[in-house]
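Read through the structure below, which is laid out as structure tokens, and then see the notes.
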Amino acid sequence: MKTGASGFSPGIRRFDIERVAALGKHEVNDAVAAEEPLEIRLAYSRPDGGRAEQSISVTMRTPGNDEELAAGFLFTEGIVAAAKDIRFVGPCGPPAANGLINVVRVELADDVGVDLKRLERHFYTSSSCGVCGKSSLDAVAVQGRYDIESAAMRCSAERLGRLPDALRTGQATFAATGGLHASGLFDERCEVSVTKEDVGRHNALDKLIGNALMDDRIPLSRFGVVVSGRASFELLQKAMMAGIPMLAAVGAPSSLAIELAQRFGITLIGFLKPEQFNIYSRPDRVV
């Protein structure tokens, strides 16, 4: 897979504000997490042998790692299955007024068929979609590629408790702004090797999975993911698509996230703290 020049811009904006504190009100220059739209365009082969290009998604993200975000999104949505499916990914078009290029073009290999209906995801696009949890779980089961149930991943409880601090260490933009989610990839020693940040928790995980995809390291059957916020159904779905057998969240899980984890053999940890956490499924992987 080739990538274009990323035109990377730090995900930080600065604003002059007035801060109120015990000593009164004063002007400061404040660092804020950047939020910008990213359009993902897909170029692919049509059944008649021609080529087509279509805008398939617009997501609000923190600029940076846009190629990884696009690749991870396509992978976790089931559009691509491996790094070889992507011929090229890179920024597309002229920069916006602020200098950012907010469009990424992903060119698929000629032999990759595209089912754009996968992107509709009408069965769990929001918490008010009105579709039952069973339908959501069944849809994920159809997309799953890897046997997570038998993954040999194991971690000690003591080292798992260190993950929030390890994740925070890799959050450079959060340290400056206090306003970003993060996802970190950790091994059986609970050492975090890759950290990705974004205003959207699902984007942070897509960036992480996209990084692994572009390095041809999927499935991630010997790794876990630690996330800075709560554990949602969507995060569990993305982890399952990448073959990740353990997800640890600093916050709470949702009921459907727990059901997904229990059904597909993912170890789900919530309320992760140094001295205490909850295990909602597959506790045998915590030793």
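The values are calculated or read from the model by the stated rules, or taken from the named source; none is laboratory data. All values reported here derive from a predicted model rather than from experimental measurement. Backbone-built Cβ (ideal geometry, glycine too); neighbour counts: all protein chains shown.
Looking only at segment 73-102, residues that are surrounded by 18 or more Cβ atoms within 10 Å (Cβ to Cβ), among the charged types (D, E, K, R) and over 16 Å from the mean Cα position of the chain (by Cα) come to 1 in all. Kindly indicate whether residue 236 is touching a residue at least 24 places away in the same chain (Cβ under 8 Å), over 19 Å from residue 61 (Cα atoms), aliphatic (A, V, I, L, M) and in contact with a helix residue (DSSP H, G or I) (Cβ under 6 Å, 6 or more places away or on another chain). Judged against the criteria, residue 236 is a match.
Going through segment 226-237 one residue at a time, which ones are buried (at least 24 other Cβ atoms within 10 Å of the Cβ) and in contact with a strand residue (DSSP E or B) (Cβ under 9 Å, 6 or more places away or on another chain)? Result: 226, 227, 231, 235, 236.
Within segment 258-281, residues that are touching a residue at least 60 places away in the same chain (Cβ under 8 Å) have Cβ atoms under 9 Å from residues that are crowded, with 19+ Cβ neighbours inside 10 Å and among the charged types (D, E, K, R) in these pairs: 265/282; 266/282; 267/282; 267/285, counting only partners at least 6 apart in sequence or on another chain. Pairing residues of segment 149-161 that are closer than 13 Å to residue 269 by Cα with residues that are among the small types (Gly, Ala, Ser) and outside any loop (DSSP other than H, G, I, E, B), at Cβ distances under 9 Å and at least 6 apart in sequence or on separate chains, gives 155/224; 155/248; 160/224; 160/248.
The set of residues in segment 174-204 that are of a type in the set (Ser, Thr, Tyr) and modelled with pLDDT of 95 or more comprises 183, 193, 195.
Where strands (runs of 3 or more DSSP E) fall entirely within segment 179-287, those with at least 1 residues that are in contact with a Leu (Cβ under 9 Å, 6 or more places away or on another chain) and closer than 22 Å to residue 144 by Cα are at 181-186, 224-227, 246-249, 267-270, 278-281.
Selection within segment 35-72: residues that are assigned to a strand (DSSP E or B) and among the β-branched types (Val, Ile, Thr). The member of this set that is surrounded by the fewest Cβ atoms within 10 Å (Cβ to Cβ) is 58. Pairs are defined by a Cβ separation below 6 Å, a sequence spacing of at least 6 or placement on different chains, a first member in segment 27-49 that is without any contact (Cβ under 8 Å) to a residue 12 or more places away in the chain, and a second member that is surrounded by 11 or more Cβ atoms within 10 Å (Cβ to Cβ) and of a type in the set (Phe, Trp, Tyr); no pair meets this definition. Within segment 74-93, residues that are more than 17 Å from residue 220 (Cα to Cα) and modelled with pLDDT of 95 or more reach partners that are outside any loop (DSSP other than H, G, I, E, B) and polar (S, T, N, Q) with beta carbons closer than 9 Å, at six or more positions or on different chains, in the pairs 88/3; 89/3; 90/3. Take the residues of segment 122-173 that are more than 25 Å from residue 33 (Cβ to Cβ), in a helix (DSSP H, G or I) and among the small types (Gly, Ala, Ser): which is modelled with the highest pLDDT? Among those residues, the one meeting the criterion is 157.
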